[in-house]
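Just below is one structure, and these are the notes that go with it.
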């Protein structure tokens, strides 16, 4: 299964058997609003705190994915989950009620890519028939965690992104389906010395460049092999950097590249500056838009590359740099032989 220095190519696809997407009101008012399974008008999701609300988003996304897959929680061998909160408490507190063996992971906004890779590797290795990949973010809990409480009312520069309130969950399995994970390239930590937490796109773009170059080299292919390349949440600023840096290396992705952070909101009308971000950004776009469009035959082969900025409130307060990572997952329509 090993290709080149970093890539895994599965001998048999690991199938998407069901997915669920739950978002907040602002996301529901965006261009993809009608595609999400659930849109919550109440940002508290009926809970007492922002953190509990985010946990509720995850639980509902998992339950939606299970229902679509025609499975129950006992069918899931392992659950891979993470979020932006300290110690990933949105995942651990919320998903504990499901009583599924749990692996907590952290890849910041790249977490959906990380959970998909770990979940698909587990199945490809013969260690499970079904796994669950899930992640989430919440605007209010993320602002409190990384920047300022909402009551502070701080101004945001134009390079800043808006953390998506949402959760996406995918059931991966051996049971044959229309779509499958066929290869993946885990990312390396890349640090260009940037320190601006209000310009995540610039911090994460070098990591996306690094992972894409490694994937192309390991698999002996280029951008033309794919119908679309979706990055996680580089936003307007990071997307431009990514396209320019890859062009310098001889890879033109402008025609086929889309960024989930740009797609999530109407940037001109919704006052989100550079676009969307957060673990829930790429996850919900994948579950509500990318996978359904592929099933409908819009694309045959897609590379999903969520990106993450690996800072914490402690590291930022200490004046440290913001390292980043990006994970690549190849998703294909599976043709029966």
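Read-outs throughout are calculated quantities, based only on the coordinates presented, and are distinct from any laboratory measurement. All of these numbers come straight from a predicted model, not from anything done at the bench. In this analysis, Cβ positions are derived from the backbone assuming ideal geometry, glycine residues included, and neighbour counts consider all displayed protein chains.
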Within a 10 angstrom radius of the beta carbon, how do 62, 39, 237, 134 rank from fewest other beta carbons to most? 39, 237, 62, 134
Could you please rank 299, 50, 162, placing first whichever residue has the fewest other Cβ atoms within 10 Å of its Cβ? 299, 50, 162
Based on DSSP H runs of at least 4 residues, each adding -39500 (n - 2.57), what is the mean residue ellipticity at 222 nm of the chain after dividing by all its residues, to the nearest 500 deg cm²/dmol? -9500 deg cm²/dmol
Give the calculated FRET efficiency between residue 89 and residue 335 to the nearest 0.05, with a Förster radius of 45 Å applied to their Cβ-Cβ distance. 0.60
What nm distance separates the two modelled labels at residue 217 and residue 73, each placed 7 Å from Cα along Cα→Cβ? 4.5 nm
Beta bridge orientation in the chain: antiparallel %, DSSP, nearest 5: 65 percent
Computed label-point distance, nm, for sites residue 49 and residue 225 using a 7 Å Cα→Cβ extension: 4.5 nm
Rounded to the nearest 0.05, what FRET efficiency is calculated for residue 255 and residue 3 with R0 set to 35 Å and r the Cβ-Cβ distance? 0.85
Based on the Cβ-Cβ distance of residue 198 and residue 175, what FRET efficiency does E = 1/(1 + (r/R0)^6) give at R0 = 35 Å, to the nearest 0.05? 0.20
Of the peptides 210-218, 80-88, 19-27, how do they stack up when ordered by the mean number of other Cβ atoms within 10 Å, highest first? 19-27, 80-88, 210-218
